[in-house]
1. Limited to the range 123-160, what total is found for residues that are under 16 Å from the mean Cα position of the chain (by Cα) and either surrounded by fewer than 19 Cβ atoms within 10 Å (Cβ to Cβ) or outside any loop (DSSP other than H, G, I, E, B) (or both)?
2. Return yes when Gln81 is out of contact with any Lys or Arg (no Cβ under 8 Å at 6 or more places or on another chain) and in contact (Cβ under 8 Å) with a residue 60 or more places away in the chain and no when it is not.
3. Could you list all residues from the range 40-95 that are among the small types (Gly, Ala, Ser), closer than 20 Å to Glu135 by Cα and either modelled with pLDDT of 80 or more or under 27 Å from the mean Cα position of the chain (by Cα) (or both)?
Amino acid sequence: MFTILTTWISERIITVTAVSVLTVAAVPTTLIIVSHDDHNTVAMIQPADEHSKVVLVSAVKKAGDELITKLNTSESSCSTQVTQAVSTSKVSAKLQPQLTKAKSEIHSGVAPIVAAIKNDENRFANLKFMTPQDEENELAEFNTIAIIALGDDHSTGTITVTCETVLITITETIQITIIQQTPPPCKTESDAD
């Protein structure tokens, strides 16, 4: 009788354990990270509730939109510089096709970055579970994109480099387009004889 009871109890415990595991896997849990430093720091990361999720998504959206605004401002500034360089030229009418191409090149440098930011914003907004750490990771990614695209105090960004390349190309085109003719030499009386 004792063996039958033990078998029955162990089968039921296994069944309950299996159900518990399925329940735990379906419900978000708290992740506890223990540091192995001298201070024995403990950090708890919990999935965000609905209100916290809205706050996190809003913060990421705001940061992404601010970066998109900076990129668009940089593109606009670069396009303005290119337009001014062409308009001050003596042959500005002949350079309009190159100006259009230059603005297109500038835009093609900015557009993929803006699209990537919007994709990141959408992906983050559609995460089923998120933590404040997820938000920090996304904001760090946006910061990396900003440094690569716009530069920082120590380096120039790809947008600035693109703008400078386009300006140099236009300057070279202007230099190639302007042709100066030298007048023929004047005849002197000794040449007439």
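1. 24
2. Yes: the conditions hold for Gln81.
3. Within the range 40-95, Ala48, Ser52, Ser58, Ala59, Ala63, Gly64 qualify.
The values are calculated or read from the model by the stated rules, or taken from the named source; none is laboratory data. Here the structure is a predicted model, which means the values were calculated and not measured. Positions of Cβ are backbone-derived with ideal geometry, glycine not excepted, and every protein chain shown enters the neighbour counts.
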